Amino acid sequence: PSGFVFRKEAHVYRAIGPAYAADFEACERSGLHEELIRDRLLIPHRPAPPEITVPQGMWKVIHPRQIPYVSYPSEWCFGELQEAALTTLEIQRRSMKKGFSMKDAAASNIQFLDGKAMLIDSLSLESLKTGRPWVAYRQFCEKFLAPLALIATRDSRLGQLSRIWPSGLPLEMV
């Protein structure tokens, strides 16, 4: 319900649904998007050009910076997976300071652009609910912490388990 990605003439756009409009505007007003973009933690985006029509039922369309090459966590070396995990934690830390939280911690939402790990999902941030734990914590453990622990303490080849379990490694197995 937050939105979706679509292509038009070799460009990728992100449609934002009405269900996410308030959170998106709040992130913009708070300066969180601007800070994360400035510090190369979030992919830059701008409003879509006027010729891009807003898909039916959607609120708005943005045009993120284009990524020339998409990589997958199972392809990353230990250092890249570690950088992606630390980037995710840094985004969560900064978000909480401004009253927001990451609603998901999918490793695939991190991509490397100009040699830097950054979040490519501009819709991953939501208003922080007081007293509620980080909703993406389990996902963070399954996607980042568990593979990193296995690689670091057992065998570097265990990073390939992310191909078998793309939704995250079962924590009870790890």
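Restricting the search to the range 14-23, which residues are open to solvent by 10 Å² or more (accessible area, probe 1.4 Å) and either under 13 Å from GLN56 (Cα atoms) or of a type in the set (Ser, Thr, Tyr) (or both)?
PRO18
Please indicate, with yes or no, whether at least one residue in the range 67-77 is farther than 23 Å from GLU90 by Cα and surrounded by fewer than 17 Cβ atoms within 10 Å (Cβ to Cβ).
The answer is yes; a qualifying residue exists.
Of (1) at pLDDT below 95; (2) open to solvent by 40 Å² or more (accessible area, probe 1.4 Å); (3) among the acidic types (Asp, Glu); (4) under 21 Å from SER162 (Cβ atoms), ASP104 satisfies all except one. Which?
Exception for ASP104: condition (2).
Quick check on this structure: which one of SER95, SER124, SER156 is free of Cβ contacts under 8 Å to residues at least 40 places away in the same chain, farther than 20 Å from TYR69 by Cβ and polar (S, T, N, Q)?
SER124 is the lone residue from the list that is free of Cβ contacts under 8 Å to residues at least 40 places away in the same chain, farther than 20 Å from TYR69 by Cβ and polar (S, T, N, Q).
Would you tally the residues in the range 43-63 being in a loop (DSSP other than H, G, I, E, B) and either closer than 16 Å to LEU119 by Cβ or free of Cβ contacts under 8 Å to residues at least 24 places away in the same chain (or both)?
Number satisfying all stated conditions: 7.
If a residue must be open to solvent by 50 Å² or more (accessible area, probe 1.4 Å) and not β-branched (Val, Ile, Thr), how many such residues does the range 135-154 contain?
Looking only at that region, the number is 6.
The values are calculated or read from the model by the stated rules, or taken from the named source; none is laboratory data. Nothing here was measured: the structure is a model prediction, and the numbers come from that model. Cβ: placed from backbone, ideal geometry, glycine included. Neighbour counts: every protein chain shown. Note: accessible area is taken over every heavy atom of the protein model, side chains too, but ligands, DNA and RNA are not part of it. Shrake-Rupley method; radii C 1.70, N 1.55, O 1.52, S 1.80 Å.
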